[in-house]
There are 2 protein chains.
Amino acid sequence: MSGPLRLDSRDPGFAAAFATLVDARREADEDVSRDVAAIVAAVRANGDAALADYTRRFDGHDLDTTGWRVSDTERKAALAGISGELRDALELAADRIRTYHAAQRPADSDTVDAAGVRLGARWGAVEAAGLYVPGGRAAYPSSVLMNAIPARVAGVDRLAMVTPTPNGEINPMVLAAAEIAGVDEVWRIGGAQAIAALAHGTARIDRVDVVVGPGNAWVAEAKRQLYGVVGIDMVAGPSEIVVVADGASDPAWIAADLLSQAEHDPTSQSILFTDDAAFADAVAAEVLAQIDTLATGATARTSWTANGAIILLASLDEAPPLIDRLAPEHLELAVDDPAPLFARVRHAGSVFLGRHTPEAVGDYVAGPNHVLPTGRRARFASGLSVLDFMKRTSFLSLDERAIAAIGPAAVALARAEGLPAHGRSVAMRLGTQASGSDL
Amino acid sequence: MSGPLRLDSRDPGFAAAFATLVDARREADEDVSRDVAAIVAAVRANGDAALADYTRRFDGHDLDTTGWRVSDTERKAALAGISGELRDALELAADRIRTYHAAQRPADSDTVDAAGVRLGARWGAVEAAGLYVPGGRAAYPSSVLMNAIPARVAGVDRLAMVTPTPNGEINPMVLAAAEIAGVDEVWRIGGAQAIAALAHGTARIDRVDVVVGPGNAWVAEAKRQLYGVVGIDMVAGPSEIVVVADGASDPAWIAADLLSQAEHDPTSQSILFTDDAAFADAVAAEVLAQIDTLATGATARTSWTANGAIILLASLDEAPPLIDRLAPEHLELAVDDPAPLFARVRHAGSVFLGRHTPEAVGDYVAGPNHVLPTGRRARFASGLSVLDFMKRTSFLSLDERAIAAIGPAAVALARAEGLPAHGRSVAMRLGTQASGSDL
């Protein structure tokens, strides 16, 4: 078999080969924008009738028969139906995610400066948030917790979940997680039509202010098209991990870490940086050996072969600038003392420090969010947080002394910008009652 | 003349009329998406040659003759050329904006919890930011300060400004403001092609990570299309103000405040809420009287007539829920004690408290940002801040004890989600060395 890519920083062609790896696009260029625009327009025009129609066509069930909304009875039954071990695991995860995100709540400010100007900012939650949960393979209860809990911690009044239920069926683990996370409404709709319903509202479904959650190309395009009508979390792409490991690491552990990313999707990317050629070979062999034992082996093999890479460095000191160019969603630093490397990394979504911190522990129970920027977007974007469900109102208060102190400068600038009413509204409060022609 | 709209909350048709006001779209539905997509593709394919071509066609000058980049000499000359009064005003504004935004820098976190899990988050600036500055009427030095200073406070390495210079000419006030704000590069390009150049980079212009700043429909659409390739500030629409004033206010002051919004653009919106019918009439008369004295009167008259509104309430206590539906960019509470009203308002971009706090003082010198969410977007969006130029990296560190404490829950969830490599990567570190078939 071919792949994964093997590079050595000492080879003369390394810079060019690494640049190719950085620029390689793993995102599908499906042009669904016209289809999505038509779906959004139909939901806006015809509301619930359009939702019923698309659900019949795409998901194969009649919402009036299966029920538009999952009932409380179904939700409670789903939670009661999971094993005690699983329920405990979900509760532990929910508690830890809640605690981590509670610390993200921003502080308000309110101060008076030397000029007598009172200045501040007040944070508040959006009224309603919508959460998209995919059906089928990518329907993960952990993802429900990671998306819903920050909204609840932010203090949203209403949290509505939408999920396609092919032929009416819904993943009970997803329902159980929704129950634990405190989702208010669960609607049996999916696709671009569900995003349109959340953004614009229908007779049955009230509109929301922010839409989050992963989805396929149609869902992603609908979020992009409706960005501005609602807030959205981010533009998401295929998942990725960079693992930095020295020769003292266990090759089997590191192989499992690389495979935990590769098993997600054929477009996932797993990259190993190491300074030990024998270790690199051992990991490569371990990956192949473990793939054969995985139920997800076919996906993992495709991902590893097509997108995986093993990069041999003269020293791990070379890693940080290379990592910054990849700006990976996940970064593992599997060395005894990861601090010096971590201090030099600038762009990564989430970092896993030391030999006993596999990325997968962060996917589930550690606390930080697993919704993270992909596709080099950690250069400018952050993981999902409480801030995605809040907004800030700035405020200002001046008295006669304060406006006397700073008002004249505002009048001068307004005049220079050719905005006389701006200048006049300030000048009048200075007591100078300047005439229009002066401004 | 017709307009502005007059409503009374005691009229039977009020609810319907107010709903119409809330839903009225003032944004132009120019369909420029295909044109913009072509421009973006051309810049991506042909780089600087495409920029030179579009600049010749749209701005009427040859970049190789006028110069691609504004020289340091030109910039210093622009700063030296403005009056002392104006320079002092810009410096005062810059200092106050800098101070207000410095307080927005978020704190890092790094804690160890009872399970022995170390968790944290580290904030960092993006490497490079791009700032769009319109040419012509909307070229405001205050806007340069408001967009550039938060980037500098965030700590970006490089701040590149682009601005169209029709026939090669550039507003010296804008250049002076760029100099004061510490902009690194000023390029004589504008339109969608400038946004594409910032996002994708060309031979001459390095790409940036975040693009901010106002622009026309082409610029806005380019930002929307390139969102995800780069971070952007927001989707902007026409400006608006809501003024809440009681009968003790000076009608001339309030009229000037309404006009300070109306003079911006024919699509701007100024709305007065009051509980005093005679005051409402006095303000209406003052607006008309002042319009005739304004150099910007024609614009203000169109805006006020087409989009303005005077809403009479039985009591100002009725205002907060109505304000929340409008979610205005700017809100003035021109009463003696604005605190009770402010406490009940949930959605507004920026609030101006009391009789001596005209909105225009916030446009220039007060300190909070004047780049604010418009078109009802204060429901979910915030004004421009230091956070728009920063991103957060979460991190995690577990030792053997910590993974023993929380790892088993992760293994259980991974198994339930059908992701065996995830489970294995955690299980191996538990010392249980579970076989593939167990996972």
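The values are calculated or read from the model by the stated rules, or taken from the named source; none is laboratory data. Since the model is a prediction, treat every value here as computed from it, not as a measurement. Backbone-built Cβ (ideal geometry, glycine too); neighbour counts: all protein chains shown. Accessible surface areas use protein heavy atoms only, side chains included; no ligands, DNA or RNA. Shrake-Rupley method; radii C 1.70, N 1.55, O 1.52, S 1.80 Å.
Annotations for the structure displayed:
- Angle between chain A longest axis and helix A:217-226 axis [Cα atoms, degrees, rounded to 10]: 10
- Counting Cβ atoms of other protein chains within 10 Å of each residue's Cβ and taking the mean over peptide A:114-127 gives 4.
- DSSP beta bridge pairing in the protein assembly as shown, given as percent antiparallel to the nearest 5: 25
- Across chain B, Cα pairs under 8 Å and at least six residues apart give a relative contact order of 20 percent.
- Test item: B:249-258 mean partner chain Cβ contacts at 10 Å: 4
- Surface accessible to a 1.4 Å probe, B:LYS76 within the full protein complex, Å²: 120
- Distances between every pair of Cα atoms in the protein assembly as shown, grouped in 20 Å steps from 0 to the bin holding the largest one, split as 15, 44, 33, 8, 0 percent.
- Shielding value for B:398-411 is 6, the average number of Cβ atoms from other chains within 10 Å of each residue's Cβ.
- For A:ARG301, net neighbour charge (Lys/Arg +1, Asp/Glu -1) across residues whose Cβ lies under 10 Å away: -2
- More than 42 angstrom apart: percent of Cα pairs within chain B: 29
- Relative packing of peptides A:364-376, B:238-250 - highest average C-beta neighbours within 10 Å first: A:364-376, B:238-250
- Local electrostatic count, B:ARG152, Cβ distance below 11 Å [Lys/Arg +1, Asp/Glu -1]: 0
- For the stretch A:33-234, a simple Cβ point-charge model (Lys and Arg +1, Asp and Glu -1, everything else neutral) yields a dipole of about 320 debye relative to the Cα centre.
- Accessible surface of the protein assembly as shown, 1.4 Å probe, proportion on carbon and sulfur as whole %: 51
- Solvent exposure of A:GLU27, expressed as accessible area, is near 50 Å², computed with a probe of 1.4 Å over the protein chains only.
- Teacher prompt: B:ALA114 distances to equivalent labels in other copies, 7 Å Cα→Cβ, nm: 4.8
- Between 0 and 90°, nearest 10: helix B:251-262 axis offset from chain B longest Cα axis: 50
- Taking N as the residue count of the stretch A:33-234, its C-alpha radius of gyration divided by 2.2 N^0.38 Å amounts to 1.12.
- Nearest 10 degrees, 0 to 90: helix A:72-81 Cα axis against chain A principal axis: 30
- Area accessible to solvent at A:ARG118, 1.4 Å probe radius, in Å²: 80
- In this assembly of identical copies, the label point of A:ARG401 (Cα plus 7 Å along Cα-to-Cβ) is separated from its counterparts by 5.6 nm, sorted shortest first.
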